[in-house]
Amino acid sequence: MRLEQVVMQFISLPLKTPFETSFGMEDTKRAWLVAVTGEGITGYGECVSFDQPLYTEETHASCYYAIRDHILPRLRGEIGHPREVFTRLQQIRGNFMAKAAVETAIWDWWAKSQSRPLYQILGGDNRRIPVGVAIGIQPDVQQLCQAAEGFWEQGYRRLKIKIRPQWDVEPLAAVRRHLGSEVPIMADANSAYTLGEADHLRQLDPLGLMMIEQPLAYDDIIEHGKLAQKIITPICLDESLRTLDNVAQAWKIGALGVVNLKLGRVGGYVPALAIEKFARSRQIPLWCGGMLETGIGRAHNLHLATLSGFTLPGDTSASTRYFDHDIITDPFVLNSDGTLTVPEKPGIGVSPDMKRIRDVLVYEEVFRVPAESLSAAAQHERRFPER
Ligand code: OSB
Ligand code: MG
């Protein structure tokens, strides 16, 4: 199959409530949607970059240039199978989120061309995915306990609580007391600590947390291995795991108790499938992370999470967790058993709500890829939508 057109749409969608992490506060979901078209079929992907390079180094701007100047020009000509896309892009260092936005769209496009749901092509079979929820930093402990209780009552299977220095032991202990010892609770620090704070982090041990996610530097593996010797709470890595090699090295040195896998952080399905296989064969607990995705990215996460290596509830919450009005026609709803149902229609199985997208569209650009010899970058068409 050949790509004929790629449309990048930048949307700005209000979040129901602001989401605060150790690195910043988001009150709006801003994202590039990528639509790839060829042979009358369109596939969709979502870029999980942020405005600022505070989670990892990528931004909406860096992703735009990476896609326009480096990724699309490498995707001219026949694409025999979406697995080829990662290989064609392998020369490009980093730029994982940009690559994933396009690569995942191509998997959707391909699955649709086969009239099969994407999860079947990926080799997954679980169609009801157990999910958890991430709770941002709250103004006070009481509001955190209320939020945690509310999500637990809705049926989410585990609660992930964002922490940072001055917002860690006390709020986590309060939630533990409030909800009791049976509720699966974990913490996510988004790189807010140093190895020197190991004694402080040891105070979390009596709380029986499932894990602590990314306590140390976003690019560190070695010191996480040292921290693992000093605390009992298992360490889950997020930011530090960009490649299969990162995962293998972290595992080898004992820095990795649990894997958070995100399509955008690793560059798409091909590396994600390799990491899932690695974790499965070594029985490393694995779950699917989230990046506050709209329904498009959320659908991709769910298809990925159908694979049997995903052994823990992930961050793929229902659409209503973040949005009053998502950009897909059938938003994801939490089943009473704390699962989300993977759509059965071809590809990712969700349809963009074109009217809603029009309402939240900031900017749009169309790239046509008609001839092998012409650079995609040289053929784009810019459009500012009417508001
Ligand atoms: O560290 O997992 C993270 C959101 C944005 C950036 C990084 C992270 C997160 C979350 C929220 O934890 C996950 C979600 O509910 O989508
Ligand atoms: Mg994280």
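The values are calculated or read from the model by the stated rules, or taken from the named source; none is laboratory data. Just so it is clear, the model here is predicted, and its values are computed rather than measured. Here Cβ is always computed from backbone atoms with ideal geometry, including for glycine, and neighbour counts include all displayed protein chains. The area values use the complete protein model at the heavy-atom level, side chains included, leaving out ligands, DNA and RNA. Shrake-Rupley method; radii C 1.70, N 1.55, O 1.52, S 1.80 Å.
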- Query: Two-decimal Rg/Rh of the chain from alpha-carbon positions, Kirkwood Rh?
  - Reply: 0.96
- The answer for the chain, counting only DSSP H helices whose Cα atoms cover 24 angstrom or more along the axis and whose Kyte-Doolittle average is 0.0 or greater, is 96-113
- Would you calculate the separation in nanometres between label points at Arg93 and Leu195, each defined as 7 Å from the Cα along the Cα-to-beta-carbon direction? 2.5
- Calculated from backbone phi, Karplus (6.51, -1.76, 1.60) coupling profile of segment 282-289 in Hz, x at Gly/Pro: 10, 6, 8, x, 9, 9, 9, x
- Message: Using a 7 Å offset from the Cα along the Cα-to-Cβ direction at both Arg128 and Leu207, what is the distance between the two label points in nm, to one decimal?
- Response: 3.1
- Item | Assigned charges on the beta-carbon of Lys, Arg, Asp, Glu; segment 120-341 dipole about Cα centre (debye) | 580
- Item | Rounded to whole Å, sorted largest first: equivalent-ellipsoid semi-axes of segment 120-341, Cα gyration tensor | 26, 23, 14
- Note on the structure: Of every hundred units of 1.4 Å-probe accessible area on the chain, the number belonging to carbon and sulfur atoms, as a percent, is 50
- Message: So with the 1.4 Å probe, I'd like the accessible area per residue for the chain, rounded to whole Å².
- Response: 40
- Check: in the chain the Lys pairs 8 or more apart or on separate chains whose Cα atoms fall under 19 Å apart number 14
- What per residue convex hull volume, in Å³, comes out for segment 243-376 when only alpha-carbon positions are used? 162
- Can you tell me the relative contact order of the chain? Whole percent, Cα pairs under 8 Å, sequence separation 6 or more. 22
- Does a label point 7 Å from the Cα of His325, set along Cα-to-beta-carbon, have any residues of segment 18-53 with amide nitrogen under 17 Å, and which are they? 28-30
- Message: With an 8 Å Cα cut-off and a minimum separation of 6 or more residues, compute the relative contact order for segment 120-341 in percent.
- Response: 23
- Hey, what number do you get for the chain at 222 nm if only DSSP H runs of n ≥ 4 count, each worth -39500 (n - 2.57), divided across all residues, to the nearest 500? -8500 deg cm²/dmol
